[in-house]
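Notes follow once the structure below has been shown.
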Amino acid sequence: MKYLAGYPASLQAQVAELMAADKLGALLCQRYPQPSHDVQTDHALYVYVNELKGEYMRKAGPLSKVMFDSKLHVIRNALGTHTTVSRVQGGKLKAKREIRVASLFKEVPLDLLRMIVVHELAHMKERDHDKAFYALCTYMAPDYPRLELDLRLYLTHLDSGGARFWAPKGRS
Ligand SMILES: [Zn+2]
């Protein structure tokens, strides 16, 4: 259970039980009955991320680029990345900030997209996954800890060969 490694053994045991009984997928479906969200293009993602940023992290510098990345999950074993590249431009130091979100987040309910976006935005200010980082995430999404756990449960479900169950927009 690589996605749940940071959680207590009792929780992992509970999840193993649910999976053995083939009930993990059903539990998540029940918790998120809504279909996938509308944020389906890089542009729509850029708009969505900047809305959240404007609401909670106005002081952080502007984002140069926001995009979905289909290789992210597979290659880097990361669900999202945030990078800042500093370049000297015309004698001034300019920071280029970029957020990438794994494409699998196109096919989830909005709450789970919000979770990864909040996570990457929080990294603009807090580098490590420490207390201050999670406090910032929870400030932007009060139910952040539950959303992150649910996302990890979904990944665990997919990893065990479970089907994707939030239909892509436009299909059902
Ligand atoms: Zn992180």
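Quickly run through the stretch 136-172 and pick out the residues that are in a helix (DSSP H, G or I), more than 18 Å from LEU24 (Cα to Cα) and open to solvent by less than 60 Å² (accessible area, probe 1.4 Å). Once the filter is applied, which keeps residues that are in a helix (DSSP H, G or I), more than 18 Å from LEU24 (Cα to Cα) and open to solvent by less than 60 Å² (accessible area, probe 1.4 Å), the stretch 136-172 yields LEU136, CYS137, THR138, MET140, TYR144. For the stretch 16-27, indicate whether the set of residues that are surrounded by fewer than 12 Cβ atoms within 10 Å (Cβ to Cβ), part of a helix (DSSP H, G or I) and of a type outside the set (S, T, N, Q) is non-empty. Yes: one or more hits.
Those residues that are open to solvent by 60 Å² or more (accessible area, probe 1.4 Å) and under 19 Å from THR84 (Cα atoms), I need them from the stretch 120-135; list them, please. The answer is LYS125, ARG127, ASP128, HIS129.
For the stretch 50-107, the tally of residues that are in a loop (DSSP other than H, G, I, E, B), open to solvent by less than 50 Å² (accessible area, probe 1.4 Å) and within 14 Å of the ligand (Cβ to nearest atom) stands at 2.
Mind telling me which of the residues TYR56, TYR46 ends up being hydroxyl-bearing (Ser, Thr, Tyr) and free of Cβ contacts under 8 Å to residues at least 24 places away in the same chain? Only one candidate passes the filter, namely TYR46.
The values are calculated or read from the model by the stated rules, or taken from the named source; none is laboratory data. Bear in mind that the values here come from a model prediction, so they are computed numbers and not experimental data. Because the Cβ atoms are built from the backbone with ideal geometry, glycine has one as well, and the counts that use them run over all protein chains shown. Only protein heavy atoms, including side chains, enter the accessible area calculation; ligands, DNA and RNA are left aside. Shrake-Rupley method; radii C 1.70, N 1.55, O 1.52, S 1.80 Å.
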